[in-house]
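The values are calculated or read from the model by the stated rules, or taken from the named source; none is laboratory data. Since this is a predicted model, take the numbers as computed values, not measurements. Cβ: placed from backbone, ideal geometry, glycine included. Neighbour counts: every protein chain shown. Side chains included, ligands, DNA and RNA excluded: accessible areas come from the protein's heavy atoms. Shrake-Rupley method; radii C 1.70, N 1.55, O 1.52, S 1.80 Å.
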Amino acid sequence: MRTIKAKFDALRERAGVWGYRFRSRGVSRLHQRPAWGVTGFFAVIPSWAPTASAFAFLACSAIYGITLGGHARNVSESVSSAAGFAVGEIKMEGLQRVTEFQVLEALELHERPSLLLFDAGEARERLESIAWIRSASIQKFYPGTLRVMIKEQEPYALWQRGNITSVITRKGEVITDEVDGRYANLLRVVNHGAEKRAGEIMSELDEFPGIRARVRAAKLRSERRWDLAMENGITVRLPEFDVASALAELKLLDERGGLLSRDIVAVDLRLPDRVVVRLSDDAALRRQTTIEQRANSSFSGRDT
């Protein structure tokens, strides 16, 4: 018994000399931690790290697939809409000639639009590209209201060149080529260049509302002067300068003698010292007949 113990003590001393750690035979290998689990970098990694890394990898793969497939915006809108930021109400103000359908088409709202991700700046640019819209503003009221305010163009005149007629602004900008009965009261300006000078003739005619009401169109001649086409077919030729004086004289002649109600074709006001009137063919024939009858009656009298 002593011999066995002496050998065991000798073995323990030898292990201490050579730097070995004596391991008791009573400790099971199942309860011993491996060396890489308790030393170095792996000693500071928490036990939940592998599981979290796996979930992160799956999430990144899903995001990459959604982005690569072009569905990132749809997914984001669906998530934010489900969170309570869905567009539930759209308020529109200032619509007269622009339809609600045109506004909704320009807003480009998807099936489940999100107010949080809605780009108001881009939508405003799309709205202002519509011909009838002069300016637009969009406001977002969370959680789900969109307010659209529209300022429309004001139709000023009709511009005709050839077979094309357009509604134009005061600056001569074309609004639309779709002309219907709503614009029948607008002055029609004719020929190229007339759209830029429509305000010029309109300002002159506004001083004489009685004449303006009877003007059907104003034709620009050689980009210098205007001819007025009256509703009864008479053409009034205006001078290049001092149009106001010519219109004042036309008004006076019409009030005194009903000039614009007579059977005439044209009134020429281009000369400063006279008014030239051109009769219609029937009126010219009647006038010639009257002159001849008067001439014949003067020679048919008896001498005394």
*Residues in the stretch 108-118: is at least one open to solvent by less than 20 Å² (accessible area, probe 1.4 Å) and within 13 Å of the chain's Cα centre (by Cα)?*
no
*asked:* Restricting to the stretch 167-194, name every residue that is aliphatic (A, V, I, L, M) and either modelled with pLDDT under 90 or outside any strand (DSSP E or B) (or both).
replied: Val179, Ala184, Leu186, Leu187, Ala194
*Report, by residue number, each residue of the stretch 198-216 that is in a strand (DSSP E or B) and surrounded by fewer than 17 Cβ atoms within 10 Å (Cβ to Cβ).*
Arg216
_Selected residue (criterion: surrounded by the fewest Cβ atoms within 10 Å (Cβ to Cβ)) from residues of the stretch 69-106 that are assigned to a helix (DSSP H, G or I) and at pLDDT 90 or above_ = Phe101
*Looking at the stretch 174-181, is at least one residue touching a helix residue (DSSP H, G or I) at 6+ places or on another chain (Cβ under 9 Å) and in contact (Cβ under 8 Å) with a residue 24 or more places away in the chain?*
no
_Among the residues of the stretch 155-166, what is the count of those that are part of a loop (DSSP other than H, G, I, E, B) and among the aromatic types (Phe, Trp, Tyr)?_
1
*Answer yes or no: is there a residue in the stretch 233-245 that is under 28 Å from Met92 (Cα atoms) and either open to solvent by 20 Å² or more (accessible area, probe 1.4 Å) or touching a Cys at 6+ places or on another chain (Cβ under 6 Å) (or both).*
no
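In this structure, does Lys140 turn out to be among the basic types (Lys, Arg), free of Cβ contacts under 8 Å to residues at least 40 places away in the same chain and either closer than 24 Å to Val243 by Cβ or open to solvent by less than 20 Å² (accessible area, probe 1.4 Å) (or both)?
No; evaluated as a whole, the condition is false for this residue.
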*Mind listing just one residue for me: the one in the stretch 246-272 that is under 20 Å from Ile201 (Cα atoms) and in a loop (DSSP other than H, G, I, E, B) and, of those, most open to solvent (accessible area, probe 1.4 Å)?*
Pro272
